[in-house]
Amino acid sequence: METTEAIEQAALSSKNRGEMAHADAIGTVGSENCGDMLRLWIKFKDEKDGRRVIDKASFQSFGCQTAIAVASLATEMIRGKTASEALALSSQELAAPLGALPPMKIHCAQLVEEALQAALAPEKKAPSSKISQSPASTLVDQLQPAQGKIKIRINPRTS
Ligand code: FES
């Protein structure tokens, strides 16, 4: 399957979309390249061996198909990993199931990597992130001042 087709299919069948109540970590980022935005919610659980691992993750994106596809893959990929294991995943690893991304789509996967960093290591704030990490407001609320400059694609489905 070609990368473009893989991206389209992954975006159309994306999983874990929507806000998560009582998340332990939230990361919101915006791309300076294209104005797209992405927010990740992460919930942890404690394993019997004492490890604290990611139980589940969800995302909301006002972004392109590639960002949606990679975010969906990432929310599945990080499940069962510790925060440091999840942080070790590069944008290439997160997007690997889609094939090699075209150069103009590489930043879409980087946006997802940055959202992970914003959620799990906010002290190392992603360079392109200009978005407040306040969980009090929704992603839609945060878009209000920037409307007109940003593409908006609402993904209300949670699964
Ligand atoms: Fe900007 Fe994909 S085009 S995140």
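Read-outs: derived from the displayed coordinates by stated rules, not from any lab. Small disclaimer: the values here were computed from a predicted structure and weren't measured. All Cβ positions, glycine included, derive from the backbone under ideal geometry; neighbour counts span all protein chains shown.
Could you tell me whether the range 13-57 comes out rounded, prolate or oblate from its Cα gyration tensor? Rule is a ≥ b ≥ c as square roots of the eigenvalues, rounded for a/c under 1.5, then prolate if a/b exceeds b/c, otherwise oblate. Could you put the intermediate results ahead of the total?
Values: a/c = 2.84, a/b = 2.22, b/c = 1.28.
Prolate.
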With SER91 itself left out, Lys, Arg at +1 and Asp, Glu at -1 over residues whose Cβ is under 12 Å from its Cβ give -2
Most exposed first, judged by fewest Cβ atoms within 10 angstrom, CYS64, CYS34 run CYS34, CYS64
Can you give the FRET efficiency for GLU32 and ARG52, using 1/(1 + (r/R0)^6), R0 = 30 Å, r = Cβ-Cβ distance, to the nearest 0.05? 0.35
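What's the local net charge at PRO102, with K and R +1, D and E -1, over the other residues with C-beta under 14 Å away?
Summing Lys and Arg as +1 and Asp and Glu as -1 gives -2.
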